[in-house]
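Worksheet: the structure to be examined is printed underneath.
The values are calculated or read from the model by the stated rules, or taken from the named source; none is laboratory data. Everything numeric in this text was worked out from a predicted model, so none of it was measured. Using ideal geometry, Cβ is built from the backbone for each residue, glycine included, and neighbour counts are taken over all protein chains shown.
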Ligand code: UD1
Ligand code: CA
């Protein structure tokens, strides 16, 4: 195999995104768009990958570290301090490649649909035709926003003209530049030295290398993609959402084929990082994100929102929000409940409607069926929590713990003024305000006794 390295451009701000987040970090199905590009480049077999970062470069590096095992990817970060254009971005890598003789794949960081297969086609053609530069292009029905690939009128070679620099006639051309190139290293840097910022944006355009190399008598050719959507560049949020819908659908199709039923794919959003076992059914309107693992035979939705959770087999979640929680086998949640981070819900527990559970451990078989708040609590096995029960966990300074032993029955509308500990097999009378520990096996009633008085007669 020949020598191949890549340069990935990710220094731009992405002004058209109108965002404080650098463009290449905008997420698509749980991954920054740049990660898709990197994965495609890695598939193409580059042994070293120079990633040019600039605008909020530290953030870009950190996000990549969180998404990929970087030591395995041969990545080296190169800084572009002043953002003077794509040509100037590539120039920053010149010193790193001083003695390098092979070929260089240059890829823009905003092309998340690009595949390793297409990159390979480009590279193979580049080798076969022994080109100085091979440019990836595509034909678009609506080419607006892209640089157009133009045959020079003297029949000698091609050039690329950006939309804003193009004449009305040139704008009608629908062969566009994808933003992916394969160069011979020495020709690339020779051409780059000749690029001048003589365009509307006063930037050093990498695309000018196309004409420059032609004029130097080098062989410059194009490879056209089979599928134009593959090189959709993301410049604004409209494009981001379109691509995200497309990638989401691909992910859902993959899950369907592994035995997960997704009743209504257009209304379902699942990150790539989510793993789901077979015979789980996902009903409409559900969103499953992050590092989530879901077992077999679960029924999720309609309208389940699940993020960073471990969910075992046979769990049912209807119209509820669950974040950062572990949910054991056979648990039923919802409708309309909220389970927050740090919660462990044991086997066959029922969390019913309008309940909030935060940073709590709920033992096997326990029922929290209606309208309860359980925070910083340890509930044992087979506890029954009556409707409207509240753990009063916050005293204004500290979060305090409530403990309820196995088999205890808590009547409706009880309040636990934490810290408080209830033993096993106790009974808490309905509407009690429990301020002191209750020993195992005892009945506690803490409410005002009912009085019956004569009514004053109306006159
Ligand atoms: C670019 C191409 C255009 C092509 C289109 C394909 C140029 C001049 N134009 O336009 O022909 O049709 O992509 O999507 O190349 N970047 C840097 N440093 C800079 C400037 C840009 O790293 O100083 C990076 C950006 O982060 C981005 C990439 O280069 O990843 C492309 O920049 P962008 O501004 O998106 O170029 P387009 O206007 O889309
Ligand atoms: Ca772009």
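Table: residues versus (1) within 14 Å of ligand 1 (Cβ to nearest atom); (2) free of Cβ contacts under 8 Å to residues at least 24 places away in the same chain; (3) part of a helix (DSSP H, G or I); (4) under 28 Å from the mean Cα position of the chain (by Cα).
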{"residue": "66", "(1), (2), (3), (4)": "no, yes, yes, yes"}
{"residue": "100", "(1), (2), (3), (4)": "no, no, no, no"}
{"residue": "146", "(1), (2), (3), (4)": "yes, no, no, yes"}
{"residue": "154", "(1), (2), (3), (4)": "no, yes, no, no"}
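For segment 20-48, filtered to residues that are within 14 Å of ligand 1 (Cβ to nearest atom) and without any contact (Cβ under 8 Å) to a residue 60 or more places away in the chain, the residue that is farthest from residue 70 (Cα to Cα) is 21. Is it the case that some residue within segment 414-429 is surrounded by fewer than 20 Cβ atoms within 10 Å (Cβ to Cβ) and within 34 Å of the chain's Cα centre (by Cα)? Within segment 414-429 (the criterion being surrounded by fewer than 20 Cβ atoms within 10 Å (Cβ to Cβ) and within 34 Å of the chain's Cα centre (by Cα)), the answer is no, since none of the residues qualifies. Filter segment 212-241 for residues that are in a helix (DSSP H, G or I), at pLDDT 95 or above, within 21 Å of residue 36 (Cα to Cα) and within 15 Å of ligand 1 (Cβ to nearest atom) and give the result. Hits for segment 212-241 are 237, 238, 239, 240.
Annotation: of all residues in segment 268-288 being assigned to a strand (DSSP E or B) and in contact with a helix residue (DSSP H, G or I) (Cβ under 8 Å, 6 or more places away or on another chain), the one that is farthest from residue 29 (Cα to Cα) is 276.
Please go through segment 87-122 and pick out each residue that is more than 25 Å from residue 194 (Cβ to Cβ), buried (at least 20 other Cβ atoms within 10 Å of the Cβ) and away from ligand 2 (no atom under 16 Å from the Cβ).
If we filter segment 87-122 for residues that are more than 25 Å from residue 194 (Cβ to Cβ), which is where we start, we get 110-121.
Add one more test, that the residue is buried (at least 20 other Cβ atoms within 10 Å of the Cβ), and what stays is 110-114, 118-119.
If the condition is that a residue be more than 25 Å from residue 194 (Cβ to Cβ), buried (at least 20 other Cβ atoms within 10 Å of the Cβ) and away from ligand 2 (no atom under 16 Å from the Cβ), then 118, 119 are the ones that fit.
For (1) surrounded by 18 or more Cβ atoms within 10 Å (Cβ to Cβ); (2) within 16 Å of ligand 2 (Cβ to nearest atom); (3) over 18 Å from residue 112 (Cα atoms), each residue gets a yes or a no:
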{"residue": "202", "(1), (2), (3)": "no, no, yes"}
{"residue": "205", "(1), (2), (3)": "yes, yes, yes"}
{"residue": "215", "(1), (2), (3)": "no, no, yes"}
{"residue": "232", "(1), (2), (3)": "yes, yes, no"}
{"residue": "238", "(1), (2), (3)": "no, yes, no"}
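Considering the conditions (1) more than 14 Å from ligand 1 (Cβ to nearest atom); (2) in contact (Cβ under 8 Å) with a residue 12 or more places away in the chain; (3) within 25 Å of the chain's Cα centre (by Cα), residue 72 is excluded by exactly one of them, (2).
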